[in-house]
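Heads up: the structure comes next, in C-alpha cells.
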Amino acid sequence: MTSLKTANLLAFFLLMITACTVAQPTFNPAPPRPGQDTFTPAAPPARTDTPSPQLSIQKAVEVVLVEESSLGYNAEVAAGNTARMRLSLAPVILSVMRDSDGSVNSVSTRIWENAGLNEMEVCFSLDRPCSLSGQMWVPFQAETLMDYPVNWLGSHKVWAEVQVRDRDGNSVPVFLRSEVTTSTQAQTSYEVIGRVNVKTPLEKQPAPVLTALMATQSSFPVRGSVIIEGGSCCKGGLAGSTIQLNVTFDASSTAGKVTEMRVSSFMGCQKDAQALDAPWEPFVRSKTYATTLAINWVGWYINVQYRNDQGNLSPVYCDDISLEGSPPQPTQ
C-alpha cells in the first residue's frame, strides 16, 4: 500500500514538472517585401600598406651655368662678339620628396645661412667636358665669369665643373638645378649658337666665320637673314596687352631669284629644316606680327627658310627678342 502511494506521488510530481516547462520559441524573420530596404553589415575594409612619400633634407650648393645675355636654355650670339658665361653657386637647404618608387614628387630650396664655404675648384672648356685636378683651389665666390669670343657659326657647348670645400676641408655636396642628386662634383654645359652678324660687312667678318660662310654658300645657293625690330634686344608694355613686332626678311641667291619663304615661331631657334613645319608663302621684305605680353620676361622667336625659283633652299635663319609684360598699376 505504501509503495502504491509513493508511486502515485512520484507520478504527480513528474506531471507538474512537465506542465511547468515552457518551450522556447524560435524566430524566423520574414523575407523582405519587394522594394523594402535591406541591411547587410559591410565587411571590414582590406588593409593597404601603401608607403608614404619620403622626405630628405640636405645642405648643398646649387650650380647654375648661363650666358649673361640669355633668358633661355641656350644663347644666340652674333659671330665676332663675346659670350660671357656666368657660373653661379648658391648654398641652399635642399628638400626632396620622393614617392615609394624613388621618383621625385616635389623639390624646394631655401637659403643656407652661414654656410661656412671656404674654397672651390672650377674649370671651363669648349666642346668637351673638363676635369678637375684637385690642385687648383681658390677662395669660394658666388659667381665666376668666363668670356668666349664667338668665332664660329652654329652650335657649340661651354662646359664647367665645380667642387666646394668648407672651413674644415670637408667636401660640400653640390647639385644641378635640372637634377636633385647631390655629389662631391657637379658638371654642366650650356649651348652657345653663333650666328651671322648681318650688320657687319662680309670682308670684316672674323676669319673662321668667313670660312663658314663660304662653305654655307657652296652648300646652299640661297642665303639670307631675319631681324626683329631692327635688331633691338627687347620691347615691352602692360601684361595682357597686344603689341606689334616688325620683322625684316632678306635673301639672295646665286642660282636664281628668291621667290618663297616659310616662317614659323618656336620656343627657341629651330635649326633643323625638317622640323620647320610651316607652309611656303611668297617672299616679302617685311611683315608685322601681333603678340600678347605675358607677365615678366619671355623670349619671342622667329624662324625662316628661303627658296628660289629653281627649288634651291637656304639654311634656317632665326632671330629673337625679349618681351616684358609689366603688371597693371593698382588703382587708388
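One table, with the values for the structure above:
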{"quantity": "Single match in A115, A60 (criterion: at pLDDT 90 or above, hydrophobic (A, V, I, L, M, F, W, C), assigned to a loop (DSSP other than H, G, I, E, B) and in contact with a Pro (Cβ under 7 Å, 6 or more places away or on another chain))", "calculated": "A115"}
{"quantity": "Residues of segment 122-144 satisfying the condition of being farther than 15 Å from A90 by Cα and in a strand (DSSP E or B)", "calculated": "C123, F124, S125, L126, V138"}
{"quantity": "Unique match (being aliphatic (A, V, I, L, M), under 23 Å from the mean Cα position of the chain (by Cα) and farther than 30 Å from G230 by Cβ) among V122, V172, V104, V164", "calculated": "V104"}
{"quantity": "Condition check for G154: in contact with a helix residue (DSSP H, G or I) (Cβ under 9 Å, 6 or more places away or on another chain) and surrounded by 14 or more Cβ atoms within 10 Å (Cβ to Cβ)", "calculated": "no"}
{"quantity": "Any hit, segment 112-119, residues being of a type in the set (G, A, S) and either in the same structural domain as V316 (by TED's automatic domain parsing) or in contact with a Lys or Arg (Cβ under 8 Å, 6 or more places away or on another chain) (or both)", "calculated": "yes"}
{"quantity": "Residue that is surrounded by the fewest Cβ atoms within 10 Å (Cβ to Cβ), among those in segment 281-319 that are part of a strand (DSSP E or B) and among the aromatic types (F, W, Y)", "calculated": "W297"}
{"quantity": "Of all residues making up segment 130-145, the number that are touching a Lys or Arg at 6+ places or on another chain (Cβ under 9 Å) and surrounded by fewer than 16 Cβ atoms within 10 Å (Cβ to Cβ)", "calculated": "2"}
{"quantity": "Residues being part of a loop (DSSP other than H, G, I, E, B) and either among the acidic types (D, E) or touching a Lys or Arg at 6+ places or on another chain (Cβ under 6 Å) (or both) - total across segment 219-238", "calculated": "0"}
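The values are calculated or read from the model by the stated rules, or taken from the named source; none is laboratory data. Since the model is a prediction, treat every value here as computed from it, not as a measurement. So basically every Cβ, Gly included, is an ideal-geometry build from the backbone, and we count neighbours across all protein chains shown.
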